[in-house]
Amino acid sequence: MKVAILAGGLGARLAEETETKPKPMVEIGGNPILWHIMMHYAYYGFKDFIIALGYKGEYIKKYMVDYCRLCSNLTVNLQNGDVEIHDGGGYKADWTVELIDTGRDTMTGGRIKRLAPYLGDKTFMLTWGDGVSDVNLRDLLNFHKSHGKLATLTAVRPSARFGHLNLDGDMIIEFSEKPQTSEGWINGAFFVLEPGVFDYIDGDTTMWEKKPLGQLAKDGQLVAYRHSSFWQCMDTLRDKRRLDAMWQDGNPPWKIWE
């Protein structure tokens, strides 16, 4: 099963980092957030990736091309330029990664539709290149198969931006620093989709989050998989620093691999 990752947006709200690199290449704990997302999928056995490139896509291409060498011990013959790769070094991934240019200004729906020739007529997974979670992807896939609809969306309850106060009159009887909100579900991405969803996308200017998802819901073809554990997107520098702090603490909740 292929895993599609949208990695072509401008990342304007994280401009401090994205002026020089695409958002999925912003590092958490020394590795791009894209790597964290792919490690999550690989842990559950999903290792066939197709990445939709756009803004500064050449950075992602270079990272993937260089990944094996950067994670290995090398012997370099400076006379003829030969490079011999040895065992040892860092993590070696047994992944297949297709890197597809889907246009700098293409919207999310358009990027998905441009991937159709590479995804074929089989069920596929889809997520964004800027969010991490500990969602059980096998359970998600089994849930999708169980209902027989075109699309499954992972619904999450994000962390609150501010500390939560439980009041009794003027007395604070409980204080929680930025807890997970107990109200409202939002789109956490981590989709499982059937190829029939391509028919809901008009073209490059279509935003997946608007007309396609709205029409799928109206047609009774969109089902929510509720995930009540960890999920965090990286929209702003504040989000990036929060994820970095979790990684530095030594037990980031999304790191389910060894």
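Quick notes
- Of all residues in the range 20-66 being among the β-branched types (Val, Ile, Thr) and buried (at least 17 other Cβ atoms within 10 Å of the Cβ), the one that is farthest from Leu6 (Cα to Cα): Ile28
- For the range 1-102, the strands (runs of 3 or more DSSP E) that sit wholly inside it and include 1 or more residues that are small (Gly, Ala, Ser) and touching a helix residue (DSSP H, G or I) at 6+ places or on another chain (Cβ under 9 Å) are 2-7, 48-53, 83-89.
- Selection status of Gly196, assigned to a loop (DSSP other than H, G, I, E, B) and more than 21 Å from the chain's Cα centre (by Cα): no
- Residue match in the range 196-208 (condition: surrounded by fewer than 18 Cβ atoms within 10 Å (Cβ to Cβ), modelled with pLDDT of 95 or more, of a type in the set (S, T, N, Q) and over 20 Å from His147 (Cβ atoms)): yes
- Residues considered: Thr106, Thr102. Of these, the only one that is crowded, with 18+ Cβ neighbours inside 10 Å and over 18 Å from Lys2 (Cβ atoms) is Thr106.
- Matching entry among Ala245, Ala224, Ala217 (being of a type in the set (A, V, I, L, M), at pLDDT 95 or above, in a helix (DSSP H, G or I) and closer than 30 Å to Asp121 by Cβ): Ala217
- Residue match in the range 179-186 (condition: farther than 28 Å from Gly45 by Cα and at pLDDT 95 or above): no
The values are calculated or read from the model by the stated rules, or taken from the named source; none is laboratory data. Keep in mind that what you see is a predicted model, and the values were worked out from it rather than measured. Cβ coordinates were reconstructed from backbone atoms using ideal geometry, including for glycine residues, and neighbour counts include every protein chain displayed.
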